[in-house]
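No lab work stands behind these numbers, since they all come straight from the coordinates. Treat the numbers as computed from the prediction; the structure is a model and nothing was measured. As a convention, Cβ positions derive from the backbone with ideal geometry for all residues, glycine included, and neighbour counts pool all protein chains shown.
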Amino acid sequence: MKPLGGSDPGPDSEENILVLCPNHHSDFDYGMLEVDPDTLTVSHAYDTDVDGVRLHVRDDHNLSSSYLAHHNNEISNL
């Protein structure tokens, strides 16, 4: 969610990882997909099948809302 490279790199840790299909991974990287850190609702620029859907997160996966917020504020174009 927060890229591993750059001047302010994110950590290579579980809290900074989303598992996405290849297409949605690219969309996420290019800012066409974001996830609300509070509700986990997905917003997508053009894919109506996932836009408005709640992200499924396994109970044993610790997902950082701050890394989701970073992506939404720094990378997302929505």
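Taking the criterion of being small (G, A, S) and either surrounded by 15 or more Cβ atoms within 10 Å (Cβ to Cβ) or not in a loop (DSSP other than H, G, I, E, B) (or both), the residues of region 30-64 that qualify are G31, S43, S64. Annotation: of all residues in region 65-78 being among the polar types (S, T, N, Q) and in a loop (DSSP other than H, G, I, E, B), the one that is surrounded by the fewest Cβ atoms within 10 Å (Cβ to Cβ) is N77. Residues that are in contact with a helix residue (DSSP H, G or I) (Cβ under 6 Å, 6 or more places away or on another chain) and of a type in the set (A, V, I, L, M) within region 21-50 comprise L33, V35, listed in sequence order. Would you be able to say whether some residue in region 8-21 is buried (at least 17 other Cβ atoms within 10 Å of the Cβ) and free of Cβ contacts under 8 Å to residues at least 60 places away in the same chain? Yes: one or more hits. Kindly check whether there is at least one residue in region 22-45 that is on the phi > 0 side of the Ramachandran plot and touching a residue at least 24 places away in the same chain (Cβ under 8 Å). Looking for residues that are on the phi > 0 side of the Ramachandran plot and touching a residue at least 24 places away in the same chain (Cβ under 8 Å), one finds at least one in region 22-45, hence yes.
So how many residues does region 2-21 have that are touching a Phe, Trp or Tyr at 6+ places or on another chain (Cβ under 6 Å) and on the phi > 0 side of the Ramachandran plot? The total comes to 0.
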